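The values are calculated or read from the model by the stated rules, or taken from the named source; none is laboratory data. This structure is a prediction, so every number in the text was calculated from the model and none was measured. So basically every Cβ, Gly included, is an ideal-geometry build from the backbone, and we count neighbours across all protein chains shown. These accessible areas exclude ligands, DNA and RNA; they are computed on the full protein's heavy atoms, side chains included. Shrake-Rupley method; radii C 1.70, N 1.55, O 1.52, S 1.80 Å.
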Amino acid sequence: MARKRRRWLHWLWKLPLLFLLVSFSQVLVLRVIDPPFSSFMAIRQMQALAHADWSFRIAHDWRDLSRISPNLPLALVAAEDQNFARHHGFDFSAIDKARAHNARMVERAEKRGTPVRRLRGASTISQQTAKNLFLWAGNGPTRWLRKGLEAWYTVLMEALWPKSRILEMYANFAEFGDGIYGAQAAARSFWGEDASRLSSAEAARMAAVLPNPRRYSVARPGPYVQRRANAIQRQMRAMGGTASLGALE
């Protein structure tokens, strides 16, 4: 019995080392190999099967960043992470602002006796890419485990990939509609065109539905999406247009 316990403990301490090796290898390989799917896509397909939704199909078609209209990566940066070119995976200034904003929203909700609304997140494009590509969503009991893994994968990606590769992954695996992943599938589904032809208005509308593409619609934008898309276009111009993407090489 004691011998079996020692053997079990002998392997137990090696598990973290194995995870470090596997995760490092994953990220290193994906620097040059385009993955055919993400963990979010696999989970979404399994959810459909679990609910006997046999008609559900994932829409995804990889496109290199050079074959995607620069309007889309610019819109994503303008909408999601304007400090993307400058930070190293974590935007601590945005985290502090989000924390202060959310504290005010909670205080107001408590005074009014109403649910808390309009909480602000501070996840960077790097963090979102790590989650979309390798992990899972949700705020259940595994949330903090996921957050820790997300931070680790973010560090690896920032260390091993150029910024352009991170943005390329995000543009290819962000969900823009229920089961519609990536720039090409979205361009085909919503406008019947190639991702290389996305206009600034179309790109801004796609970015406007994030991070809730099943609540908001690119094809049938309501007032919120329209307002947000207009604001994103203004930010795209303020950032200097697509020429500003040169800083990501």
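State the answer as a single residue: which of Ala247, Phe40, Leu18 lies farthest towards the positive end of the charge dipole of the chain, with beta carbon charges of +1 for Lys and Arg and -1 for Asp and Glu, about the Cα centre.
The Cα lying farthest towards the positive end belongs to Leu18.
Quick one: what are the phi-derived ³J(HN,Hα) couplings along region 228-236, Karplus 6.51/-1.76/1.60 with θ = phi - 60°, whole Hz, x for glycine and proline?
For region 228-236, the Karplus-derived couplings read 5, 4, 5, 5, 5, 4, 5, 5, 4 Hz, x marking Gly and Pro.
Amide H to amide H under 5 Å from Phe56: which residues, 5+ apart in sequence or cross-chain, H placed 1.01 Å off N in plane?
none
Relative contact order of the chain, please, whole-number percent, based on alpha carbon pairs below 8 angstrom and at least 6 residues apart.
Once normalised by length, the contact order is 27 percent.
Take peptides 134-146, 162-174 and line them up by average Cβ neighbours within 10 Å, highest first, as a rough protection proxy.
Working: 134-146: 13.0, 162-174: 22.3.
Top of the packing list down: 162-174, 134-146.
When the expected Rg is taken as 2.2 N^0.38 Å, what fraction or multiple of it is the alpha-carbon Rg of region 190-249?
Rg over 2.2 N^0.38 Å, computed on Cα atoms: 1.18.
Non-local amide H neighbours of Ser217 (under 5 Å, H modeled in plane, Pro and chain starts lacking H): which ones?
Gly222
Compute the distance in nm between two label points, each set 7 Å from the Cα along the Cα-to-Cβ direction, one at Ala231 and one at Asp178.
Simple spin-label model gives 2.7 nm for this pair.
How big is the dipole moment of the chain about its Cα centre under a simple scheme where the beta carbon of each Lys and Arg is +1, that of each Asp and Glu is -1, and everything else is neutral? Debye, nearest 20, please.
1160
Rounded to the nearest 500, what is the chain's calculated 222 nm mean residue ellipticity when only DSSP H runs of at least 4 contribute -39500 (n - 2.57) each, over all residues? Intermediate results must be reported in sequence, preceding the final value.
Working: 11 runs with 143 residues, N = 249.
The per-residue figure over the chain is -18000 deg cm²/dmol.
Expressed in nm to one decimal, what extension gain is obtained for the pair Asn139 and Ile43 from 0.36 nm per residue of sequence separation less their Cα-Cα distance? Don't skip to the answer; put the middle values down first.
Working: separation 96, 0.36 × 96 = 34.56 nm, distance 1.54 nm.
Length gained, Asn139 through Ile43: 33.0 nm.
How much accessible area per residue does the chain have, in Å², with a 1.4 Å probe?
58
How do 32-43, 148-159 rank on mean C-beta neighbours within 10 Å, highest first?
Answer by packing, highest mean first, reads 148-159, 32-43.
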